[in-house]
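Undergrad: Pasting in a structure now, in structure tokens, and then I'll have a few things to ask.
What follows is calculated from the coordinates using simple rules that are stated; it is not laboratory data. Computed from a prediction, not measured in an experiment: that's the story for all the values here. Counting neighbours? That spans all protein chains shown, and the Cβs are built from the backbone with ideal geometry, glycine included.
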Amino acid sequence: MTYQKREVYLQIEDLKNKISWAIGFRYAFVFLGLFLIYFSHTGNAYAPLSLELIISVGLYNIAANLIYALKKEYKLWQAVAAAGVFQFFDIAAITFLIYITGWVESPYWFLYLVMIIVSGFGMFSYYSFAVFLIAFFSAVFYLGLLLSAYLGILPIYGTSFSLTPDQLLISIYNKAIFTSVAFFLFATTIYYFSKLLNEQHEELFIKNRKFLAALTRIKAIDRMKDEFVSTASHELRTPLSVVRENLSLIEDGIVGTIGPKQKKLLETSRANIDRLAKILDNLLDIAKIESHSLDLRCQTTDITQLGRKAVELLKPKAEHKSVTLETTFPKEAMLWIDPEQILRVFVNLIDNAIKHTGQDGKIIVGIEEAKKEIRTYIKDNGEGIAREDFPKVFERFVHIGTGHETLSRGAGLGLSICKGIVEMHNGIISFESEIDRGSTFTFSLPKIKSNGQ
Amino acid sequence: MDNKKTRILLIEDDQDMAEAIRLRLEANNFDIILAHDGMEGLSKARTENPDLIILDVMLPKLDGFNLCRMLKFDEKHKSILIIILSAKVQKTDIERGKEVGADAYITKPFKAEELLAKIKELINSK
């Protein structure tokens, strides 16, 4: 249920609760009405029929009450069937009442209309809608009969239409007491059942509310986790920056001169603090990716531009290690992606490749267009990954491979961040590798749909 | 500017951090005023007339974003340059910094060279 629908539903519930007193009066009115009908017929030929009517209406009402009292939980079809059956009994009772009070001349024809109207009160649930339909079609049917009899088109069951409209009105006035009693009878019948059905609704409604509350709680926990990570990162960063700044104050000789040996140590310390800060950044990102709170800012982006930018950024590092960086890009390849995040994927993957490729190695960064996706691969001829390490590649805090300088080591989060980002773009990331021959990391991103420009 | 030292107001609640930045800036020939919370920072920004403010975000009494907004939306003080120096590194924080009118946003831990370069760049472009 949407929020607005729920609001409307609540208002109707409230209204129904306010008028539910009517149900309490139901039985009193049902039996009072039926006995009045009986007594008005005492002495005439309809008396035994009236009695039968009283008994049958009484019986099905008692049955309804028993069902209601004994069985507290209903399935949808049971509720609809119960409402349908009792509605059918009510229609039969009305029809019978009309029959014994003069058939076509009977003042009770309007009860079909009353039935539609009161059923209409309960129309806001599917169950009462079924009831409404039954009453509506029966009433249309009987009104059609009445009209055709009145116009003389069709005599009903051999009874000729003998009253003028004026006489018909008078007969209704004379039977005013029955009219009002009958009105209560049928109105309360409807309320009775609609209340029964509404209780089911209430139950559903409560379940729904509990579910929503649980969802809100889960979201709150998620947010707390998020906040915890970002606060933790903030709290760690502040002392880190003091240490870093103090070290670099000493290193830069601002608070007195130092020798080259001290300088070297300070430099290493400072570099390690930078490394710590980077790990913190990655941790924050991992936490955000895992709690799905990293919001992508997607735009139509030429992925080849991002590839070029990443290669540009890492060229110095590659040259430093005399690793060649080659690119094979198409002219352009448009995708609906967050450029900043995908650039990070490029940078991480190329950076990794450089780390794991020895002197004079070669790395190829390529982009290919397939039918439904754009595939990007970063291929190196470095040390490769051992087969037993394959399952661990995208895991967190895992370092694979050997012999790279400690300072370039992160927290082993780079690839899991890449995986997270690619998957958030509905893409796939995978790799192939052979020890001593090199590795190829490939990520594919789905193309923009033709309407999606 | 040639004769007069550039006055920098440093609003930072962490004493150690403030001291480290002060040392660095004084070594680079800047005139430093210190403030340890948001309210003190705001009143010093109004009375001491600094050329530039280095502003932390998580400050007691008045946070850096609000302080920045109050100065930048005030005709009299909006010419003061503001560099936000914060350990808040999320994209939303950096965007918030832009929204409140900061001239630059530097994240902690920062590189001293980066901070000095930014200060020089801002003052020269003034």
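Undergrad: If you look at just the Cα atoms of chain B, how large are its Rg and its Dmax in Å?
TA: Reported Rg and Dmax, both Å: 13.1, 40.
Undergrad: More than 29 Å apart: what percent of Cα pairs in region A:299-446 qualify?
TA: The share of Cα pairs beyond 29 Å in region A:299-446 comes to 11 percent.
Undergrad: Counting only other chains, what is the mean number of Cβ atoms within 10 angstrom of the Cβ of each residue in peptide B:89-97? Spell out each step's value before the answer.
TA: Numbers: counts 8, 8, 5, 2, 2, 0, 0, 0, 0.
Neighbouring Cβ atoms belonging to other protein chains average 3 per residue here.
Undergrad: Sorted from fewest to most neighbouring beta carbons within 10 Å, what does the list A:I98, B:I53 look like?
TA: A:I98, B:I53
Undergrad: Do the sum for chain B: with -39,500 (n - 2.57) for every DSSP H run of n ≥ 4, divided by all residues, what is the mean residue ellipticity at 222 nm, to the nearest 500 deg cm²/dmol?
TA: Value at 222 nm, helices only, nearest 500: -13000 deg cm²/dmol.
Undergrad: What is the Rg over Rh value, at two decimals, for region A:302-350, using alpha-carbon atoms and the Kirkwood definition of Rh?
TA: Rounded to two decimals, Rg/Rh equals 0.99.
Undergrad: Which of B:K5/B:K118; A:K317/A:K419; A:K309/A:K371; A:K419/A:K447; B:K72/B:K111; B:K61/B:K120 have a Cα-Cα distance over 20 Å?
TA: Too far apart for the 20 Å limit: A:K317/A:K419; A:K309/A:K371; B:K72/B:K111; B:K61/B:K120.
Undergrad: Let me know the mean shielding of B:8-15 by other chains, meaning the per-residue number of their Cβ atoms within 10 Å of its Cβ. Mind showing how you got there, number by number?
TA: Details: counts 0, 0, 0, 0, 1, 1, 4, 1.
That works out to 1 on average.
Undergrad: Okay, next question. Please list the non-local residues whose amide H lies under 5 Å from the amide H of A:I374, H modeled 1.01 Å from N, same-chain partners needing a gap of 5 or more.
TA: Residues meeting the criterion, in which the H sits 1.01 Å from N, are A:L445, A:K447.
Undergrad: Beyond 25 Å between alpha-carbons counts as too far, so tell me which of A:K315/B:K88; A:K264/B:K108; A:K263/B:K88; A:K264/B:K91; A:K278/B:K126 fall in that bin.
TA: Numbers: A:K315/B:K88 30 Å; A:K264/B:K108 23 Å; A:K263/B:K88 30 Å; A:K264/B:K91 35 Å; A:K278/B:K126 33 Å.
Exceeds cut-off: A:K315/B:K88; A:K263/B:K88; A:K264/B:K91; A:K278/B:K126.
Undergrad: I've got another one for you. Whole number please: convex hull volume per residue of the Cα set in region A:229-274, in Å³?
TA: Roughly 54 Å³ of hull volume per residue.
Undergrad: Sticking with this structure for a sec: Hey, how many Å between the Cα centroid of region B:12-32 and the Cα centroid of region A:300-374?
TA: Taking the Cα centre of each part, region B:12-32 and region A:300-374 sit 41 Å apart.
Undergrad: Which whole number gives the average count of other chain Cβ atoms within 10 Å of the Cβ atoms across peptide A:241-250?
TA: For peptide A:241-250, the averaged partner shielding equals 6.
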